[in-house]
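As C-alpha cells, the structure follows; a few thoughts come after it.
The values are calculated or read from the model by the stated rules, or taken from the named source; none is laboratory data. Note that the structure is predicted; figures quoted are calculated from it, not measured. Every residue, glycine among them, receives a Cβ derived from its backbone with ideal geometry; neighbour counts consider all protein chains shown. We work out accessible area using only protein heavy atoms, side chains counted, and drop any ligands, DNA or RNA first. Shrake-Rupley method; radii C 1.70, N 1.55, O 1.52, S 1.80 Å.
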Amino acid sequence: MQVPQDGEDFASQPWFHGPLSRQKAEALLQQDGDFLVRASGSHGGHPVISCRWRGSALHFEVLRVALRPRPGRPIALFQLENERFPSLPALVQSYVTGQRPLTQATGAVASRPVTRQRPIRRSFSEDTLLDSPVQTKLLRARKWSDSQPAGLEHVGQSREGNSGPGASSVPTLALSRIGSDPVLLKTQGPLTFIADSLRASDGQLHAKAPTKPPRTPSLVLPNASGHSPTYCEVVPRVPNAWGTPSGHSCPEPEAPWWEAEEKEEERCFVRPQAEVSFCPPDNPCGLLGPQNRPLEPKVLRTLRGLFLEHHPGSTALHLLLADCQAAGLLGVTKAQRGAMGVASGLELLTLPHGHRLRSELLERHEALVLAGALAVLGCTGSLEERAAALRGLVELALALRPGAAGDLPGLAAVMGALLMPQVSRLERTWRQLRRSHTEVALAFEQELKPLMQALDEGAGPCDPGLVALPHVIPAARLLEDEELLGPLDATCEQLLRTLQGARLMARDALKFREAAAGRLRGFLPNRELREALTTGFVRRLLWGSRGERSPRAARLEKFQRVLNALSQRLEPDS
C-alpha cells in the first residue's frame, strides 16, 4: 500500500469513500474484517474507520492532532488510541498489515478494504481541514499577484476581469510568491470547483512560473468571525478582506448557543423571582423512546458503540458541554437571569434560593457515577475487555483534568465510578490493567487519585486558565447540610477551604464562562452522544421512565444492590 504524505489527495486511496453516512457504510461491510474510511457528516468531516467485526458494524473516529507547520514534519498527526501517525494512510497501513486491533476494547481487526466503486470529487484533506471543528492557527496567509508590479492594482479582483451577471460572485484572493513557492490561485468558491481546478497530485499548479516578484512581507488576514482560522496547504479558509461585490452577500453562519457572547450588563440587585432549573425539559429521547425499561440491553449496546467511536478528548468536550449547561455556566437566558437575580449558575449555587440547582447537580453527579461503574461492571466478557473498560474511563478522566478540558464535575463523576467499592474490589481486573496498560494505571495512581483527593478537600487547582468548570460538588453538599466525614480538625479546615472556594467560584463566574466557551469554540457535538450525557437521559437509562419518579434515596439504594450483584458475579469472594 503506497503511503502518501499528509496533505495529498486521498481520493487515490481505494478504501477512502469520502462523505458517507453510517447507514450506507454499514451496508457495504459484508464480512468480518471488511473496512472502509469515510468522512463523517456528524463529526464535521472527521475521518471515521468503519469495520465489521463479529457480525456487528463498528465505527472508530480518528483523532487529528494539528501541528504548527514546520519544514520537514507533517502538519497533523492521526491516532486511534495511543500511537500517532504522520498521515491517515500510514495509520491504515500499520493496522491492516500488522493485523492489530483497532481498539483494545473491541479487538476489531481491519483486514479487507472495501474498494470504492465510484470517483469522489472532494479530497479527504479538503474535507478534514476545512470542515473539521479542530481550529489551527493560520501563521502566514499570502497575497497573490501576477508577479508583475502592475498586477498589484488588481488585488482581490478576478483575473479575467469578468464582472457581468454571469461572472462568479466569489472574489479571487491574491497570494504573492515568496522564494521558490509556486503560484497559487486561491478562491473562496465551492469545494467541488476547487477540487476540479487544484489537485495536490498534479505536480504543478501553473503551466509556467512567471518571474519572481520582489520579496515582500507576508500578510496575516484577520478572521471576521473571531475564531482561529483553519490552516490548509492548498485551500485555506481566508476571509474576504476587501469586502464582497455589490449585490452579493456572504452571510456568516450562526454560532451555536454555547459560543454566543453574553454582554455583561451593569445591573443592581434584583430580587429573585423563583427557583431556576437548567436541566432541559423532558423531550422524547431519540435513543430511549417515550417509554423504556431500566438498562435496556439494546440501548446499552448502542451506547457502548457510541462511546467506542469517540476519542476520549471528544467525549470530554461533550461532557463539558452538558455539565456547563446543567450548572448554568453557558446558555443562560435573559429570563433565567432575571428570575434568579444573578448572571450565572455559579453565583446562584451559593445563594439560599439555589436549592433546586444544588439538588440537580448532586443528582447528576450520582447518576453519572453509577453509569460509569455500570460501564465496567456490565462487561461480562473477557478479563481484557473489563480492563479495557477501566482504561477508557481513566483516559476520559485524563482528558477532563485541569489543563485539558478542565471539567472538574465530569472528572469527579468518572473518578467516583472508578473508586466505587464495587469497582475497586475487582483485583484481577485492576491487575490486568497494570499488566496490559501500565502507563494508564500509573497515571491513575500517581496523578488522578491525589488530584481528586485535593479537589474534594478544597485544595485542588481552580484557576480559570486551567479550569473551565470548577468542582461544585463539595460546595453543593455543604450547603445542602451534608456532613463532612473525618476528624474534627481536618473537617473544620476543609469546611473553610470549601466556603472560600465557593466565594471565589462566584466571583470568577465570568472568567470560567469565557474559559469554557473558549474550549468549546468550533466544537461540533454528536447529537446522540450529547443526548446520552444529559441528566434526564442517564436517569431514565438507569431506572426506566417509571422508576426515575421514585424517591431519590430509594432509587440509589436499589441500584447499589444491582452493582453489588454484578461485582460479585464478575469476581466472587474467595
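General observations
- Summed over the residues of segment 388-432 and divided among them, the accessible surface reaches 27 Å² per residue at a probe radius of 1.4 Å.
- Segment 427-465 and segment 62-105 have Cα centres spaced 27 Å apart.
- In the frame of its principal axes, segment 517-574 has Cα extents of 51, 32, 18 Å, reported largest first.
- Segment 325-389: Cα Rg divided by the 2.2 N^0.38 Å rule of thumb: 1.66
- Heavy-atom surface analysis with a 1.4 Å probe gives segment 428-564 a carbon and sulfur content of 53 percent of its accessible area.
- Reciprocal mean inverse distance between Cα atoms of segment 282-408 - Kirkwood radius, Å: 16.8
- Separation of the alpha carbons by more than 30 angstrom is noted, of K298/K511; K334/K558; K334/K511; K449/K558, for K298/K511; K334/K558.
- Order of exposure, largest accessible area first, which applies to R497, R507, R434 with probe 1.4 Å: R507, R434, R497
- For I473, the solvent-accessible surface computed with a 1.4 Å probe is close to 10 Å², ligands and nucleic acids excluded.
- About its Cα centre, the dipole of segment 372-447 is roughly 240 debye, where the only charges are +1 on Lys and Arg Cβ and -1 on Asp and Glu Cβ.
- With DNA, RNA and ligands ignored, accessible area of S567 (1.4 Å probe; Å², nearest 10): 0
- Rounded accessible area of H353 (nearest 10 Å², 1.4 Å probe): 40
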